[in-house]
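Worksheet: one structure, shown below.
Derivation of every value follows stated rules applied to the coordinates shown; laboratory data play no part. Owing to the predicted nature of the structure, the values given are computational and were not obtained by experimental measurement. Quick reminder, even Gly has a Cβ in these numbers, built from the backbone with ideal geometry, and neighbours come from all protein chains shown.
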Amino acid sequence: MAMDTAVAAGWGPFVQAAYDQFFAAPDVVDPPSVPLPPGYSLVRTIQMDDVSGAAPVFFGYLAVGGSPRVQVVALRGTATASEWIDDLHWAPVPFTQVSDGGKVAEGFRDLYDTFTTMVPGQSGVSAGTGGLVSAIDPAVPLVVTGHSLGGALATLLAADLAANSPLRPQTWTFASPKVGDADFAARYGELSTVSWRIYNIVDPVPYFPRDPADDYQHVNTGYAIDSLPVARWSLGCVHALNTYLKCLAPNAVTLAPECRIV
């Protein structure tokens, strides 16, 4: 499957909705609604615990809608100081959710191990991915998408679902760091169907984690963009989801004012 940049950019607003929901109400673990793209309805919310272990926080959701109908799992990226600490825990540890799953960065694995879901408006919590799987219709296409830390978590989720359920999700990530070692990357390649890892060549985040032994390897399939002709250079601008979407769909996306080249 060739890269379709318009399709890629179309998944960005789902990730942005996860960010918007978190920043609007960071203490709300299970929002009854999320500012979704038009035509989509909220099915499940997703929570994880950061390294502080204080309490679960909202990381994303499962939504369904569109024509033709599609299911979307969207995961936000780093938004708190504790999550930045998770990002910096790079020791390689086994990804035991997937047989022969190799090793992944400890911080990503530790977050993923706390994965839970909730039905909006109900009090019950489903630990792990079981609640998510039960809510997904295997006859309807499934997309898993995320930005930055959310891209790493989306990669783990896609591998987990493909290995342990009938689901075969498409995966579209933006600015994802390296997730695991060569064994993990190879196993992910065996499990994945449509998979695009979109990275900005001037964004430092996709080049990490780095280690002396060069254990960490990117998963397939990378698609490079270059934001320098589009946005001014700053760490915030070259890593921003909005900048990625502007590069993918320049006529459809408005660049944030603070990132415009004066």
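Dipole magnitude for the range 5-259: computed about the Cα centre from +1 point charges on Lys and Arg Cβ and -1 point charges on Asp and Glu Cβ, it is near 780 debye.
As a rough guide to protection, the peptides 116-124, 254-262 ranked by mean Cβ packing within 10 Å, highest first, stand as 116-124, 254-262.
Only one residue of PHE58, PRO257, ILE201 has its Cα farthest out toward the positive end of the dipole of the range 5-259, where Lys and Arg carry +1 and Asp and Glu -1 on Cβ, and that residue is PRO257. A cut-off of 5 Å between modelled amide H atoms, ignoring neighbours fewer than 5 places along the same chain, links VAL43 with LEU62, ALA63, VAL64.
Membrane-span-like helices in the chain, defined here as complete DSSP H runs extending at least 15 Å along the helix axis by their C-alpha atoms with mean Kyte-Doolittle hydropathy no lower than -1.0, are 5-24, 149-164; this is a sequence and geometry rule, not a statement about a membrane. Each residue of the range 130-142 was assigned a 3J(HN,Hα) from its phi angle through the Karplus expression (A = 6.51, B = -1.76, C = 1.60, θ = phi - 60°), giving x, x, 5, 4, 5, 8, 9, 7, x, 8, 10, x, 10 Hz with x at Gly and Pro. Put simply, the amide H of VAL202, placed in the peptide plane, has neighbours under 5 Å in SER227, leaving out anything fewer than 5 places away on its chain. Full extension of the chain between MET1 and VAL202 gives 69.8 nm of extra length, using 0.36 nm per residue less the Cα-Cα distance. Listed values for the range 118-123 are Karplus-derived 3J(HN,Hα) couplings in whole Hz (6.51 cos²θ - 1.76 cosθ + 1.60, θ = phi - 60°), namely 9, 7, x, x, 10, 8, and x replaces Gly and Pro. Within the range 5-259, antiparallel bridges make up roughly 60 percent of the DSSP beta bridges whose residues both belong there.
Given the choices [x] 34, 20, 17; [y] 40, 26, 17; [z] 24, 22, 19, semi-axes √(5λ) of the Cα gyration tensor in Å derived from the coordinates of this structure is entry [z].
Within a Cβ distance under 14 Å of SER33, other residues only, what is the Lys/Arg minus Asp/Glu net charge?
-1
As a length-normalised measure over Cα pairs under 8 Å and 6 or more apart, the relative contact order of the chain settles at 16 percent. Relative to the Cα centre, the charge distribution of the range 137-225, modelled as +1 at Lys and Arg Cβ and -1 at Asp and Glu Cβ, gives a dipole magnitude of about 220 debye. Considering helices alone, the calculated mean residue ellipticity of the chain at 222 nm is -9000 deg cm²/dmol, with DSSP H runs of length four and up weighted by -39500 (n - 2.57) and normalised per residue.
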